[in-house]
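Enquirer: The structure that follows is given in the form of structure tokens.
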Amino acid sequence: MKLSLAIAIGKAMGWLSRITKRGSGVMVTGRIILKLVPTAVSELSRNRKIVLISGTNGKSTTTSLIYHALATKSAVASNFTGANLFAGITAALGQNRSASVAALEVDEMVMPWAIEETKPRLIVLLNLGRDQLDRLSEVRMVALKWKQSLALLPSYCAVFADADDPFVTWAARDCVNVIWFTAGAIGHIDASTCPECGVILNWSADKSTYSCECGFRKPNPEWILRGSELSGPNNQQINVRSAIPGAAALGNAARAIVVAKTFGIDISAASDAIAKVSSVDGRFGKLKIGQTNFRLMLSKNPASWRETLTTSASGPKAVALVVNANAQDGKDTSWLWDVDFTPLAGRTVVATGERRLDLSARLTVNNIAHRIAVDEKDAAKILGAQEADLIASYTAFHRLAKKADR
Amino acid sequence: MTLTLVHLLPELLGTYGDRGNVEIASWRLRQRGIAHEVINVGANDRIPVSADLYFLGGGEDDAQIAAREILERDGAVRKIINNGGHIFAVCAGFQILGASFPASQNRTMIGLGILPIETLAGAQRSVGEILLKPTIDIATLSGFENHAGQTRFLDEAQPLGAVIHGVGNGLEAGADGIITDQVLATYMHGPAFARNPELADWFLSRKIGVLEKLDAPIFQQLHDERVASVK
Ligand SMILES: [Zn+2]
């Protein structure tokens with residue numbers, strides 16, 4: 001079947017799914033296109049400049065920032081609303097066929113396929129950490145999949161990789177064309193052994209670098225982010241601005257600037273566009289429940305909870321935490337015990353979500369005074385008329401984000 | 001006398017929130033005003049061999065092998081046992097204490113030989129909620145398991161519990177974990193002590209005798225909710 005016909009059918013079915021309120025329609029569109037033309041992604045990628053973005057945390061935000069930076073020059077196809085599996089990628093490429101550029105968020109496990117099909121010019125690798133322990137059991141296994149796939153890259157494809165993360169370094173270090181980045185992250189909760197040889201990895205006392213007796217070590221980065229100052233290989237000094245709060249967001253804004261530069265975009269135009277993005281797919285969106293004005297934040301795994309708790313610490317005094325354990329959240333809640341909730345001390349804390357008792361037990365042992373609410377409405381009753389952060393795990397976040405002001 | 005709790009190699013064996021069990025044990029002692037200290041032993045630290053209670057958690061392949069090598073040095077774990085220490089071991093930590101355990105590429109690693117068990121590579125991972133009828137006098141046990149290995153006894157031994165739901169040791173044993181004079185081990189990982197406050201107190205009692213009841217309803221509520229969620 002001809003690709004354009006498949007896309008037309010896919011879009012029609014997606015529209016039908018949307019108006020019958022079965023879903024956003026994106027997945028349906030993508031699935032149908034792929035079903036009718038299995039080579040659709042490869043065909044839709046031809047003659048386009050494509051950047052793929054993957055990693056455990058920060059995919060959607062980084063993709064969105066890259067999209068806005070690239071869009072200052074030309075039309076861009078993108079899927080930064082988080083549909084990052086086969087169908088979502090297909091739909092994004094099919095929706096906007098005239099765009100000569102595409103910025104695609106890709107699930108970690110889908111990377112080998114996406115690389116093979118889209119033949120990207122640039123691959124952005126953010127980080128690899130544990131996420132949904134009951135499904136992805138070994139971080140190193142994911143890193144190995146990346147490594148095998150990246151080893152086959154042609155030299156015209158550059159890899160822009162985070163040198164702070166030993167798993168990313170290991171996956172990317174054999175690539176011909178790799179650009180290293182550091183934002184000065186300290187340590188890695190899952191990298192106690194060397195990904196290359198398995199013996200204990202030596203971390204420097206300040207946890208800023210790592211090395212192993214086998215020769216595996218942190219590479220020297222070309223791009224370095226210190227605070228909000230980004231310095232590049234040719235003495236570039238760029239002040240990074242972000243309307244999204246937190247150190248992670250600043251790191252992602254810096255990455256987007258480097259990607260923009262690689263794609264030949266004017267840096268100041270890209271920086272301005274990046275600095276205007278204040279919310280991605282509901283993250284940091286506003287939602288009023290009862291009398292409480294919530295700011296929505298997403299936390300998916302120990303690394304992202306740490307990040308979010310730090311960002312939230314400079315926010316309002318009140319905070320509601322929502323923990324679920326559905327398939328998309330990960331059914332195993334033991335990660336709660338790997339998160340130090342101390343940044344919440346002294347704040348007004350409400351624990352809710354389907355696994356509020358697990359959360360409450362954790363907070364109790366962490367000496368964080370809190371109350372338990374059955375749901376966010378109940379939490380709002382407890383909190384009353386004030387500003388509050390609402391930090392939610394995956395399924396709760398996406399349910400609430402649909403109602404939020406972006 | 002101050003009680004000493006030792007978390008062995010948390011960076012290597014701590015994948016599933018295992019530090020939680022140490023924190024919970026410490027918290028339960030503190031609530032009762034029982035003086036104690038907690039020591040985290042890293043890969044380059046000397047292992048104290050005359051402490052009271054030891055915790056050994058779960059971990060991935062390479063970490064498990066690295067941990068085995070460290071724990072084997074100077075016969076540290078044997079000394080701990082000889083000195084009267086008690087060990088709570090979970091998942092990879094449970095396997096390490098046996099005669100052998102499996103690793104990637106079909107390797108079989110020699111264990112520390114403390115427990116009369118051997119662990120074989122399972123055909124598929126056992127992942128999910130687990131429920132046990134304990135062989136000791138405490139309430140039904142609730143946990144989450146996530147392991148590829150399956151463990152069998154090489155000698156007559158007492159399991160921690162009979163499996164009501166889930167897999168546990170596997171190999172058709174219908175049981176989970178083991179209880180010996182000085183070791184309590186299980187495949188219930190991470191916050192096993194959070195869900196099972198009676199198990200936490202039972203482990204602490206092994207060293208310090210009868211404990212007064214603790215008024216901390218959240219743990220009882222969590223236990224009951226988890227048990228009910230499976231039935
Ligand atoms: Zn090495």
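Enquirer: Taking a Cβ-Cβ separation under 4.7 Å as the criterion for a possible partner, which cysteines of chain A have none?
Expert: If one checks each Cβ against the other cysteines of chain A, A:Cys157, A:Cys175 turn up with nothing under 4.7 Å.
Enquirer: For the full complex of protein chains and a 1.4 angstrom probe, list A:Tyr156, B:Tyr16 by accessible area with the highest value first.
Expert: A:Tyr156, B:Tyr16
Enquirer: Same structure, new question: Would you please put A:184-192, B:17-25, B:37-45 in order of how densely packed they are, using the mean number of other Cβ atoms within 10 angstrom per residue and starting with the highest?
Expert: The most tightly packed comes first, giving B:17-25, A:184-192, B:37-45.
Enquirer: Can you give the average number of partner chain beta-carbon atoms within 10 Å of each beta-carbon in peptide A:42-48, as a whole number?
Expert: Rounded to a whole number, the mean comes out at 0.
Enquirer: OK, next. I'd like to check one number: the per residue accessible area of chain A, probe 1.4 Å, reported in Å² as a whole number.
Expert: 40 Å²
Enquirer: Same structure, new question: Please report the accessible area of A:Ser314 (heavy atoms, 1.4 Å probe, ligands and nucleic acids excluded) in Å², nearest 10.
Expert: Estimated to the nearest 10 Å², A:Ser314 gives 110 Å².
Enquirer: Mind giving me the FRET efficiency for B:Gln31 and A:Gln328? R0 is 30 Å, r the Cβ-Cβ distance, nearest 0.05 is fine.
Expert: 0.25
Enquirer: How big is the B-A contact in terms of buried accessible area, both chains counted, 1.4 Å probe, rounded to the nearest 100 Å²?
Expert: Values: alone 10430 and 17590 Å², together 25450 Å².
Using a 1.4 Å probe, the pair buries roughly 2600 Å².
Enquirer: Region A:316-349: which residues show an accessible-area loss of 30 Å² or more, assembly versus chain alone, 1.4 Å probe?
Expert: SASA drop of 30 Å² or more in region A:316-349: A:Asp332, A:Ser334, A:Trp337, A:Asp338.
Enquirer: In the structure displayed, which of A:Lys2/A:Lys300; A:Lys145/A:Lys402; B:Lys207/B:Lys231; A:Lys49/A:Lys276; A:Lys73/A:Lys119; A:Lys21/A:Lys331 lie more than 31 Å apart, Cα to Cα?
Expert: Pairs exceeding the cut-off: A:Lys2/A:Lys300; A:Lys145/A:Lys402; B:Lys207/B:Lys231.
Enquirer: Using a 1.4 Å probe on the protein heavy atoms, what percent of the accessible area of the protein assembly as shown belongs to carbon and sulfur?
Expert: Taking all protein chains in place, the protein assembly as shown shows 50 percent carbon and sulfur surface.
Enquirer: 7 Å from Cα along Cα→Cβ at both B:Met1 and B:Thr180: what's the point-to-point distance in nm?
Expert: Rounded to a tenth, the inter-label distance reads 2.3 nm.
Enquirer: Give the accessible surface of region B:3-230 per residue, rounded to a whole number of Å², with probe radius 1.4 Å and ligands, DNA and RNA excluded. Before the final figure, lay out each step's value.
Expert: Values: 8730 Å² over 228 residues.
Normalised by residue count, the accessible surface of region B:3-230 is 38 Å².
Enquirer: For chain A, what does the relative contact order come out to in percent, with C-alpha contacts under 8 Å and a separation of six or more?
Expert: For chain A, the relative contact order is 13 percent.
Enquirer: Continuing with the same structure: Using a 1.4 angstrom probe on protein heavy atoms only, which residues from region A:364-379 are buried by at least 40 Å² of accessible area when all chains are present rather than their own chain alone?
Expert: With the partner chains in place, region A:364-379 has these residues losing at least 40 Å²: A:Thr364, A:Val365.
Enquirer: For chain A, what proportion of DSSP beta bridges, expressed in % and rounded to the nearest 5, is antiparallel? Before the final figure, lay out each step's value.
Expert: Numbers: 16 of 56 bridges.
Counting DSSP beta bridges with both partners in chain A, the antiparallel share is about 30 percent.
Enquirer: State to the nearest 20 debye the size of the charge dipole of the protein assembly as shown about its Cα centre, where the only charges are +1 on K and R beta carbons and -1 on D and E beta carbons. Don't jump to the answer; show the numbers that get you there.
Expert: Numbers: 67 positive and 62 negative charges, 561 e Å.
Here the protein assembly as shown has a charge dipole of around 2700 debye.
Enquirer: With a 1.4 Å probe and all protein chains in place, put A:Leu36, B:Leu222 in order of accessible area, largest first.
Expert: Greatest to least solvent exposure: A:Leu36, B:Leu222.
Enquirer: Label-point separation (nm) for B:Leu154 and A:Lys377, each offset 7 Å from Cα along Cα-to-Cβ?
Expert: About 6.0 nm separates the two model spin labels.
Enquirer: Can you give the mean number of other chain Cβ atoms that lie within 10 Å of the Cβ atoms in peptide A:351-361?
Expert: 4
Enquirer: Please compute the average number of Cβ atoms from other chains found within 10 Å of each residue's Cβ in peptide B:183-192.
Expert: So the per-residue partner count for this stretch is 2.
Enquirer: To continue, here is another question. Take the Cβ-Cβ distance between A:Val176 and B:Ser205 as r, set R0 to 51 Å, and report the resulting FRET efficiency rounded to the nearest 0.05.
Expert: Plugging the Cβ-Cβ distance into 1/(1 + (r/R0)^6) gives 0.25.
Enquirer: Follow-up. Stretched out fully, how many nm does the piece from A:Leu152 to A:Ile186 gain, at 0.36 nm a residue minus the Cα gap?
Expert: 9.2 nm
Enquirer: Normalised by the empirical 2.2 N^0.38 Å for globular proteins, what value does the Cα Rg of region A:286-401 take? Could you put the intermediate results ahead of the total?
Expert: Working: Rg = 12.5 Å, N = 116, 2.2 N^0.38 = 13.4 Å.
Relative to the rule-of-thumb radius for its length, region A:286-401 sits at 0.93.
Enquirer: Moving on. Out of residues 5 or more away from B:Gln158 or on other chains, whose amide H comes under 5 Å of its own, with H placed 1.01 Å from N in the peptide plane?
Expert: B:Ile179
Enquirer: Here is a follow-up. Points 7 angstrom from Cα along the Cβ direction at B:Ala123 and A:Leu16: gap in nanometres?
Expert: Modelled inter-label distance: 4.2 nm.
Enquirer: For a protection proxy built on the mean count of beta-carbon atoms within 10 angstrom, sort A:109-118, B:168-177, A:9-18 highest first, please. Working shown, then result.
Expert: Working: A:109-118: 18.9, B:168-177: 21.3, A:9-18: 17.4.
Going by the mean number of other Cβ atoms within 10 Å, highest first, we get B:168-177, A:109-118, A:9-18.
Enquirer: Just which residues of region A:192-210 lose 30 Å² or more accessible area with every protein chain there, against their chain alone, with the probe set to 1.4 Å?
Expert: A:Ser192, A:Thr193, A:Gly198, A:Ile200
The values are calculated or read from the model by the stated rules, or taken from the named source; none is laboratory data. Only a predicted model underlies this, so the values are computations on that prediction, with no experimental measurement involved. Every residue, glycine as well, gets a Cβ built from its backbone with ideal geometry; the counts of neighbours run over all protein chains shown. Ligands, DNA and RNA are stripped out before the accessible areas are found, and what is left, the full protein with its side chains, is counted by its heavy atoms. Shrake-Rupley method; radii C 1.70, N 1.55, O 1.52, S 1.80 Å.
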